Structure formats: structure tokens, C-alpha cells
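What follows is a set of notes on a single structure, which appears directly below.
The values are calculated or read from the model by the stated rules, or taken from the named source; none is laboratory data. Keep in mind it's a predicted model, so treat the numbers as computed, not measured. Cβ: placed from backbone, ideal geometry, glycine included. Neighbour counts: every protein chain shown. Remember, those area values only see protein heavy atoms, side chains included, never the ligands or the DNA or RNA. Shrake-Rupley method; radii C 1.70, N 1.55, O 1.52, S 1.80 Å.
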Amino acid sequence: VEARRGRRRGLAMAGAGVGLTIVAVEAGVLPLHPLLPAQALQATSLAVLSGLTLLWAADGARDVAVASPEPSPPTLTDAETAVLERLRSAMEARVWVEEGLTIGTLAARLNTAEHRLRRVINQGLGARNFARFINEHRIAAAKALLCDPSAADQPIQKIAFDLGFGSPGPFNRAFRDITGQSPSEFRAAALRAPKSQ
């Protein structure tokens, strides 16, 4: 802060000096070289002053950027931490394979309010939203099945139904959203890839 104040004083003094020089030349107090017109002096002075201003502003912005603290991750309350532990247990028990699972039904199963569960999922686990959170678990399981040569004859539609999707359309969209590929493209690439020894 002190360094920025010093630069401000220097800039103000430079500006005052340029302004006084221009006024003195125009009033005839300060002689001007005959080959240097007054407009050129004004333009040069203003360019110097503008350059100083830009340097000062850039230096101040750098100071502010360096001084700004890193945002701290949101902290969960004790109640939210308890919900997080129950949620992790439910996810390990594969609650996410239930077709039609909503945040309301999951909140009721975890004995908590829907808004609290939403905060735990968003803030505690960093998920964008409930649907994305559930789909990430489902798609991770789908990827494991699609990579497995012993499940190569299993239809993709059956995998989608077994993992809680009500129809192939939402499964395909969620899979592409998370992996960037369709399930069939992913399977073909995974089964073609050489196996590490």
C-alpha cells in the first residue's frame, strides 16, 4: 500500500510538472525552441504522462493480484459433515443404481433436508449438481464394464438399465458429457487397446 501511495505522489508531481511546463510555454515565460511548436510539446508531454499513468496502473494491479488471498474452500458444519459421511456410505452401497433416484428421495433416506444434501454435494464434494454427481458414479461403473473383455457381448442398453438409467438416451447423453465419447466408441477403443503385461 505504501509503495502505491509513493507511486501516486510521483505521478501527481510528474503531471503537475508537465502541466506547469505547458502553461509556462504558452504564457511566454519559458522560451520554446523555434523548431519545436507548442502543440508538439503538449502532445509529447501528454504521451509521457499517459505512459506514466499506464505503468502506475499496471504496477498497482500487479500488487493487488499478488496481495489477494486464495479463496478458502467452504467449510461444512458438523451437521453437514455427518450427512457427508452417510452419503458416502450410501454411495458405497450403490444407491446410485436405483432408477429414478432423486435428491428428495436420497435426502429422505439419509434423514436430512434436501437443501443440506444439495450443499454437501456441491460444496463438500465439489459436484456441479445432483444429476451430475449420480451420473459420474454410474458412468464410472459403465466404463469398467465396457473395458472388460468378458463383458464384451453384454448389450450397452442392458448396462444402461443395470446402472439405473431408464432408457438408452439419457445414458448416451450422460456418457458423452462425461467422457466425450459415445458408449460404443469408448468400448471399441478400450477393447482394441493393447493390454499391459
Probe 1.4 Å, all chains present, heavy atoms only: Glu136 accessible area in Å², nearest 10, is 80 Å²
Hits in region 134-164: amide N under 20 Å from the 7 Å Cα→Cβ extension of Met91, namely 134-145, 163-164
Extension length gain for Arg118 and Arg173 (0.36 nm per residue less Cα distance), in nm, is 17.5 nm
Expected unfolding gain across Ser150-Asn129 under the 0.36 nm per residue rule, minus the alpha-carbon gap, is 4.2 nm
Region 65-197: Kirkwood hydrodynamic radius (Cα pairs, Å) comes out at 16.6 Å
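Taking 25 Å as R0, compute the FRET efficiency from the Cβ-Cβ separation of Leu76 and Ala140 and round it to 0.05.
0.55
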